[in-house]
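First comes the structure, then the notes that go with it.
The values are calculated or read from the model by the stated rules, or taken from the named source; none is laboratory data. All values reported here derive from a predicted model rather than from experimental measurement. Cβ atoms come from the backbone with ideal geometry, glycine included; neighbour counts cover every protein chain shown.
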Amino acid sequence: MIREATKNDLMDILEIYNDAILHSTAVYTYTPQTLENREIWYQQKMEEGYPILVCEQDGKVVGFATFGPFRAWPAYKYSIEHSVYVNEEYRGKGIGKSLMKELIGIANEREYMTLIAGIDATNEGSIAMHKNFGFVHSGTIEKAGFKFNRWLDLAFYQLHLNGPKNPVGE
């Protein structure tokens with residue numbers, strides 16, 4: 001079941017996110033988050049009107065997805081960057097795809113033009129999933145990060161959405 005996240009989901013979200021921090025290159029940071037960090041993150045997303053979706057199975061959140069601004073300057077207002085994370089025990093079961101499908105639907109409803117993914121260049125599963133949704137490679141920043149005693153390349157993929165009917169500048 002895909003639904004909007006609530007504060008009650010934050011412990012499961014924290015567990016999934018911290019696993020990604022500690023055991024993968026999906027997040028280019030070293031230190032696990034605290035519940036307080038996730039509460040602040042949740043509150044900011046809610047205040048700014050960005051979705052946080054969760055996939056729930058057997059009463060437990062097994063994946064989450066969100067999007068937010070790509071860059072802070074106003075001319076980027078029609079571009080968003082997203083994240084999708086799935087509990088390690090539930091990967092390969094279509095959860096990431098289900099979350100992604102919902103995110104794309106919301107982004108189109110809200111008339112965004114470009115959905116952007118920053119993916120570690122060695123994450124073949126995520127890259128394949130994004131390509132299946134029509135994302136195209138738009139560039140790679142080599143040696144963008146350093147984690148697990150190696151340099152990491154950050155690949156960017158983008159999906160063109162329906163965009164605004166009447167885009168407004170300035």
Residue check, residue 14 in a strand (DSSP E or B), surrounded by 18 or more Cβ atoms within 10 Å (Cβ to Cβ) and either modelled with pLDDT of 95 or more or within 14 Å of the chain's Cα centre (by Cα) (or both): no
Every pair of residues 6+ apart whose Cβ atoms lie under 6 Å, when the first sits in segment 129-151 and is farther than 25 Å from residue 104 by Cα while the second is polar (S, T, N, Q): 147/25
Among the residues listed as 115, 99, the single one being assigned to a strand (DSSP E or B) and in contact (Cβ under 8 Å) with a residue 40 or more places away in the chain: 115
Residue in segment 26-38 that is more than 29 Å from residue 113 (Cβ to Cβ) and among the small types (Gly, Ala, Ser) present: no
In segment 146-161, residue surrounded by the most Cβ atoms within 10 Å (Cβ to Cβ) [restricted to those that are within 18 Å of the chain's Cα centre (by Cα) and not aliphatic (A, V, I, L, M)]: 157
Near pairs, Cβ below 9 angstrom, 6+ apart or cross-chain, from segment 77-95 (surrounded by fewer than 16 Cβ atoms within 10 Å (Cβ to Cβ)) to any residue that is part of a helix (DSSP H, G or I): 88/16; 88/19; 88/20; 88/23; 91/125; 92/125
Condition check for residue 130: within 16 Å of residue 101 (Cα to Cα) and of a type outside the set (A, V, I, L, M, F, W, C): yes
Output for segment 59-76, where each listed residue is of a type outside the set (A, V, I, L, M, F, W, C) and either buried (at least 22 other Cβ atoms within 10 Å of the Cβ) or without any contact (Cβ under 8 Å) to a residue 24 or more places away in the chain (or both): 59, 63, 66, 68, 69, 71, 76
Contacts under 8 angstrom Cβ, first residue in segment 153-170 being in contact (Cβ under 8 Å) with a residue 12 or more places away in the chain and under 30 Å from residue 28 (Cβ atoms), partner surrounded by fewer than 10 Cβ atoms within 10 Å (Cβ to Cβ) and among the β-branched types (Val, Ile, Thr), 6 or more apart: none
Some residue of segment 148-158 being in a helix (DSSP H, G or I) and either closer than 23 Å to residue 15 by Cα or of a type outside the set (D, E, K, R) (or both): no
Yes/no for residue 31 being in contact with a Phe, Trp or Tyr (Cβ under 8 Å, 6 or more places away or on another chain), closer than 30 Å to residue 150 by Cβ, of a type outside the set (Gly, Ala, Ser) and in a loop (DSSP other than H, G, I, E, B): no
Residues located in segment 34-60, provided they are in a loop (DSSP other than H, G, I, E, B) and either under 14 Å from the mean Cα position of the chain (by Cα) or among the basic types (Lys, Arg) (or both): 50, 51
